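Report on the structure given below.
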Amino acid sequence: MKGSNLLHNMSKAVLSLFFWAAVFSAGISRAEQIAPAVQANIDQYKKSLVEWAANPLIVNAVKKSNSRGWTTAMSNSKWDTLDENDPAVVKLSQNTAAKQIAKWEEGKTIEKLNLRDYNANLVAFSSLSGKPLLYNAAARPSFQNGLKGAWAANEVKPDPSTQKKTVQISAPVMDGGKTIGVLHSAVLAE
């Protein structure tokens with residue numbers, strides 16, 4: 001009986017290994033190398049993000065959000081249920097920082113422009129791109145890496161919210177030499 005259980009457990013482990021190998025390789029096959037023209041855009045937008053993140057209007061919006069502290073009033077699951085016309089969504093797409101962000105995004109080869117506080121909560125977003133997929137992006141590389149400095153992914157992948165081929169980029173929002181939030185975007189690679 002013990003041998004039968006051992007064989008059964010080993011079979012499950014092998015099947016699990018094949019499953020995760022397939023999932024991992026599928027993710028790799030969807031990623032593409034970055035074309036030189038796209039890389040030039042990425043480099044330019046990284047510089048722009050750093051400049052935009054230093055704008056006093058953006059810094060003040062993040063400081064205000066951070067002063068409220070962590071809140072459980074909004075979660076990703078609750079955000080997901082909200083329509084684009086919901087007052088909570090409209091507030092984040094029509095505040096002063098959001099209007100500035102929309103001006104920066106307009107006519108550019110970027111797919112979205114989102115501003116997040118230190119806790120990764122949404123502070124403002126460009127209404128040109130529609131409602132972001134997540135209210136809190138703490139687990140996303142664009143947020144985590146943006147806290148450390150200007151960052152760009154090293155591959156072209158479908159954007160999680162739009163499915164367009166993009167390269168994710170981000171820059172920290174700084175105040176007095178301290179990172180207080182992140183401005184992130186996606187450079188179109190199509």
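Computed from phi, the 3J(HN,Hα) profile of the range 118-135 under the Karplus parametrisation 6.51, -1.76, 1.60 (θ = phi - 60°) reads 5, 8, 6, 6, 5, 9, 6, 8, 6, 5, 5, 9, x, 5, x, 5, 10, 7 Hz, with x in place of Gly and Pro. Pairs with C-alpha atoms separated by more than 21 Å, drawn from the list Lys63/Lys148; Lys103/Lys131; Lys91/Lys131, do not occur. Taking Cβ atoms as reference points and 12 Å as the exclusive limit, the residues near Asn114 contribute a net charge of 0, counting Lys and Arg as +1 and Asp and Glu as -1. Amide H contacts under 5 Å for Val123: Leu115, Arg116, Asp117, restricted to partners 5 or more places along the chain or on a different chain, H placed in the peptide plane at 1.01 Å from N.
The distance linking the range 38-84 with the range 161-190 is 8 Å (Cα centroid to Cα centroid, whole angstrom). Run down the aspartates and glutamates and flag those whose C-alpha is under 19 Å from the C-alpha of Lys165, throwing out any fewer than 8 positions away in its chain. Excluding near neighbours in sequence, the set is Glu32, Asp43, Glu105, Glu106, Glu111, Glu155, Glu190. Peptides 133-139, 64-70 ranked from most to least packed by the mean count of surrounding Cβ atoms within 10 Å: 133-139, 64-70. Applying D = kT/(6 pi eta Rh) to the range 94-190, where Rh is the Kirkwood radius over alpha-carbon pairs, T corresponds to 25 °C and eta to 0.890 mPa s, the Stokes-Einstein value obtained is 185 µm²/s. For the range 147-159, 3J(HN,Hα) computed residue by residue from phi via the Karplus equation (6.51, -1.76, 1.60; θ = phi - 60°) reads 5, 8, x, 4, 9, 9, 5, 9, 7, 8, 9, x, 4 Hz, glycine and proline entered as x.
Ordering of 52-60, 143-151, 108-116 by packing is 108-116, 143-151, 52-60, highest average first (other Cβ atoms within 10 Å, averaged per residue).
Any read-out appearing in this document is the output of simple, stated calculations on the displayed coordinates, not a laboratory observation. None of these values were measured; they are calculated from a predicted model. Don't worry about glycine lacking a Cβ; one is built from the backbone with ideal geometry, like all the others, and counts go over all protein chains shown.
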